[in-house]
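J.: First the structure, then my questions, so here it is.
The values are calculated or read from the model by the stated rules, or taken from the named source; none is laboratory data. Since this is a predicted model, take the numbers as computed values, not measurements. Heads up, the Cβs are rebuilt from the backbone with ideal geometry, glycines too, and the neighbour counts pull from every protein chain shown.
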Amino acid sequence: MRPKRADELIGGSLYWIVKHRLVGCQEILRFEGRNDGRIDIVCSADLIAIAPSPKRAHQGWRYLEEDKAPSEEGDDSGLSELPPRLYGKLAALALV
């Protein structure tokens, strides 16, 4: 389905969550309708790596206001420095 705020999202970023961590983002260029009724999100080819930060997986759209969006610098918690495997185990135990 097409997002209700699609026009506002163009030029914004699509963030990638991998194993409960925000790890990168891509600029949203446009939305294109498909013959089967679904929507394609067309993003730039440039994937910008960001300092990994904890984020639960979710379904659907999440709108991040600019001041709440992750930055390339990361946070001061030190969680971004954990090895992915250790972070995954801690997340599975609900400790991070």
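J.: Right, Arg2: modelled with pLDDT under 75 and basic (Lys, Arg) or not? Can you show your working first?
T.: Details: modelled with pLDDT under 75: no; basic (Lys, Arg): yes.
Against the criterion (modelled with pLDDT under 75 and basic (Lys, Arg)), Arg2 does not qualify.
J.: I'm checking my understanding of the structure. Among residues of the stretch 29-50 that are within 12 Å of the chain's Cα centre (by Cα) and assigned to a strand (DSSP E or B), which one is surrounded by the most Cβ atoms within 10 Å (Cβ to Cβ)?
T.: Among them, the one singled out is Ile50.
J.: Applying the selection to the stretch 4-18, what residues are out of contact with any Phe, Trp or Tyr (no Cβ under 7 Å at 6 or more places or on another chain) and in a loop (DSSP other than H, G, I, E, B)?
T.: Passing the criteria: Lys4, Ile10, Gly11, Gly12.
J.: Look through Tyr63, Tyr15 and report the one residue that is modelled with pLDDT of 75 or more and surrounded by 10 or more Cβ atoms within 10 Å (Cβ to Cβ).
T.: None of the others qualify; the one that does is Tyr15.
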